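See below for the structure under consideration.
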Amino acid sequence: MTATTAEHHPAPTPQGHPQRWLILGVICLAQLTVLLDNTVLNVAIPSLTKELDASTADIQWMINAYSLVQSGLLLTAGSAADRYGRKRMLVAGLALFGVGSLVAGLAQSSAQLIAARAGMGIGGALLITTTLAVVVQIFDDTERVKAIGLWSTVNSLGFAVGPLIGGVMLDHFWWGAIFLINIPVAVIGLVAVVSLVPESRTKQGDRPDVLGALLSTIGMTAVVYAIISGPEHGWTSTQVLLSAAAGVLVLGVFVFWELRIPYPMLDMHFFRNQRFIGAVAGAILVAFGMGGSLFLLTQHLQFVLGYGPLEAGLRTAPLALTVVALNLTGIGARLLPKLGTPATIGSGMSLLAAGLAAIAVLGGGSGSGYGGMLFGLVVMGAGISLAMPAMANAIMSAIPPEKAGVGAGVNGTLAEFGNGLGVAVLGAVLNSRFAALVPTAVGAASLPAALAGAGDAGERARIADAFASGVETSQLVGAVAVLAGGLLAAVLLRRAERADSAVTAA
């Protein structure tokens, strides 16, 4: 059977679903809650250590269980949403996330909190994939870019305000409140989704790709675990290398399997589409630049410029606020039809690269203060607000609408991979530069440890300057990578458009 029934896949109207903007608000609220939990727990570490008698390993698993499970399940969650119903999976994701938040907020031990965070990760994977898939289903081509821009805005906002909300909550309540606050949002979301969101799913008749789902989950989880544990255990440690090798091997088997079955979870022929490849390359490198840059900047603000955690969070917020402001005004959505997808992505990634370079040149030194960094963050935000919605739209447009959930899973996976890659590569550049400038500090666990081991004020100043120089070099490397990726993405997308035009003309 090849036709989709009207009950499960309503015919699109020229203006999209009549309640599309209200539905977008509902799913963005759910999305924001998921994203906040990626970062909110970091500020609660001292409280958890004290109240639950948590060890360092316990704390790491509390933080990583969520992102590890979520990242590993993104492709599988997207495929399930396509097959079994996007509304159904959205409801399941909200319910799992709400129950997990309740268990986490009332946890009495580290093990209970780790298990609850893993459960929240399952719900988060379902929500991240289904929200974008629903956006694609309810908006037509004329409004989809603006809608995806608003969806992307929520991503940036969640990343920025998580530590701030966590800090405010911990100033007034006990640590469990940072999880219990999710429950009313989940309940409101459930009621709204059941009432407003239309059901949609793919054609009936395809067999579920159980082995593909298992292989993609195991492979992605192993790779993400290697990326997460690399900075702590060392990139050449046995633990990291074995995890990365196992992940790559399993993902290779996944690709082999998907190419040889008639009902693949992820159709590998998508990767023959130059538009898809161009958008994929751009998405990875935008996440690479943003994730790696913020990883370095938070350390620079605290260790070199002397700000506290909350102050450092406030000073990185202009990046997200710029993205929010520009996407809310719809500038990217208005420019895309005029410039075209290749030029929009190329321009956005060039601005992102310029922002990274500005931070390196104007805001990298220990005596340069915050002004140059602020300028660079605003320029980065302008670039992200142009590039990210255009790339997400390009990825989703290159995939058939009936595979919207898988497309959203690919988009989310790319973001996770790019972030991890940015932290790994730019962190390694920082460490190499720092070690070259201050050989005596090699072996110190962190910059504070190196400063504590310094013999006098002069040596401490040299160590701080060396760290600032390492940040500068890392940001410049990131800028070059992002600029090259932007040019590559623009060229591939331009070629794809020319090929499509030629086919149409013929």
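The values are calculated or read from the model by the stated rules, or taken from the named source; none is laboratory data. Quick caveat, the model's predicted, so the values are computed rather than measured. Note that each Cβ is placed from the backbone with ideal geometry, even for glycine, and that neighbours are counted across all protein chains shown. Quick note on the areas: whole protein, heavy atoms, side chains included, nothing else; ligands and nucleic acids left out. Shrake-Rupley method; radii C 1.70, N 1.55, O 1.52, S 1.80 Å.
Its relative contact order, with pairs defined as Cα atoms under 8 Å and 6+ residues apart, puts the chain at 21 percent. Site pair Arg460 and Thr236 shows an inter-label distance of 3.3 nm when each label is modelled 7 Å from Cα along Cα→Cβ. Of Ala92, Gln137, Leu305, which is farthest along the charge dipole of the chain in the positive direction, counting Lys and Arg as +1 and Asp and Glu as -1 at C-beta? Going by the Cα projections, it comes out as Gln137.
Compute the angle between helix 56-84 and the longest alpha-carbon principal axis of the chain, please, reported from 0 to 90 degrees and rounded to the nearest 10. With both axes taken from Cα atoms, the answer is about 20 degrees. Summing charges over neighbours of Trp151, with a neighbour being any other residue whose Cβ is under 13 Å away from its Cβ, gives +2 when K and R count +1 and D and E count -1. For the chain, the carbon plus sulfur part of the accessible surface works out to 67%, probe radius 1.4 Å.
Accessible area per residue was computed with a 1.4 Å probe on protein heavy atoms; Ser347 scores about 50 Å². Short to long, the 10 Å bins of the Cα pair-distance histogram for segment 82-212 hold 11, 33, 35, 17, 4, 0 percent of all pairs. Using R0 = 41 Å, the C-beta based FRET efficiency linking Ile188 and Arg334 works out to 0.85. Computed about the Cα centre, the dipole magnitude for the chain is approximately 980 debye when only Lys and Arg (+1) and Asp and Glu (-1) carry charge, each at its Cβ. Remark: relative contact order (segment 98-203) = 39 percent; criterion is Cα-Cα distance under 8 angstrom and separation of 6 or more residues. Available extension along the chain between Phe256 and Phe173 is 24.8 nm, counting 0.36 nm per residue and deducting the alpha carbon span. Using the rule -39500 (n - 2.57) for each DSSP H run of four or more residues, divided by the residues of the chain, the 222 nm mean residue ellipticity is -27500 deg cm²/dmol.
If you find the alpha carbon centre of segment 226-286 and of segment 57-90, how far apart are they in angstrom? Centre-to-centre (Cα) distance: 16 Å.
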